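Data first, discussion second: the structure below is written as structure tokens.
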Amino acid sequence: MVFKNEDTLQTFLDANQEYRFHKLYDNAINQVSSEFEKTYPILIDGKRISTSQTMIRSSPTDRRLTLGYIVKGNSAHAKKAIQAASIAFEKWSMMDYRK
């Protein structure tokens, strides 16, 4: 079986479907852009946690573009996250890699 890379511009050019590539690209840009400037909570043990403090995350290529706001945790959150990860690791490490 020959490896086929995901769809790239070249794939669409070879199929004479450049218009389709641009349409899919524009749709992807719109989808990603719709997620900008949202606030994202901390996730510990499957639970979403919000606090009153957030950190701004900007685009690495354009610092004027705010990608989102990340909820800022404290040391108690870190301890809970470490504990939850340790417990989850035990179960995860026994899983069959084929599943």
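Taken together, the values in this text are just the output of simple stated rules run on the coordinates, not laboratory data. Bear in mind that the values here come from a model prediction, so they are computed numbers and not experimental data. Ideal geometry is used to build each Cβ from the backbone, glycine not excepted, and the neighbour counts take in all protein chains shown.
Given the Cα-Cα distance of Lys23 and Ser86 and 0.36 nm per residue of separation, how much length would full extension add, in nm?
18.3 nm
For log10 I(q)/I(0) by the Debye sum over Cα atoms at q = 0.15, 0.20 Å⁻¹, several values are listed as (i) -0.91, -0.99; (ii) -0.57, -1.04; (iii) -0.68, -0.98; flag the one computed from this structure.
Matching the structure shown: (i).
Sequence gap at least 6, Cα distance under 8 Å: using those rules, report the relative contact order of the chain to the nearest whole percent.
The normalised contact order for the chain reaches 20 percent.
Once phi is turned into ³J(HN,Hα) by the Karplus curve 6.51 cos²θ - 1.76 cosθ + 1.60 with θ = phi - 60°, what whole-Hz value does each residue of region 8-17 show in order, with x for glycine and proline?
The phi angles translate into 10, 4, 4, 4, 6, 4, 4, 8, 6, 10 Hz.
Might you report the magnitude of the Cβ-based charge dipole of the chain about its Cα centre, with Lys and Arg at +1 and Asp and Glu at -1, to the nearest 20 debye?
Using Cβ point charges on Lys, Arg, Asp and Glu, the chain gives about 580 debye.
Taking amide H positions as placed in the peptide plane 1.01 Å from N, state which residues far from Ile44 in sequence (5 or more) or on other chains have amide H under 5 Å from it.
Counting only residues 5 or more places away or on other chains, the set is Ile49.
With angles folded into 0 to 90 degrees, how steeply does helix 18-33 sit against the dominant principal axis of the chain? Use alpha carbons for both and round to 10.
20
Full extension from Ser93 to Thr8: what is 0.36 nm times the residue separation minus their Cα-Cα distance, to one decimal in nm?
Stretched fully, the Ser93-Thr8 segment lengthens by 27.0 nm.
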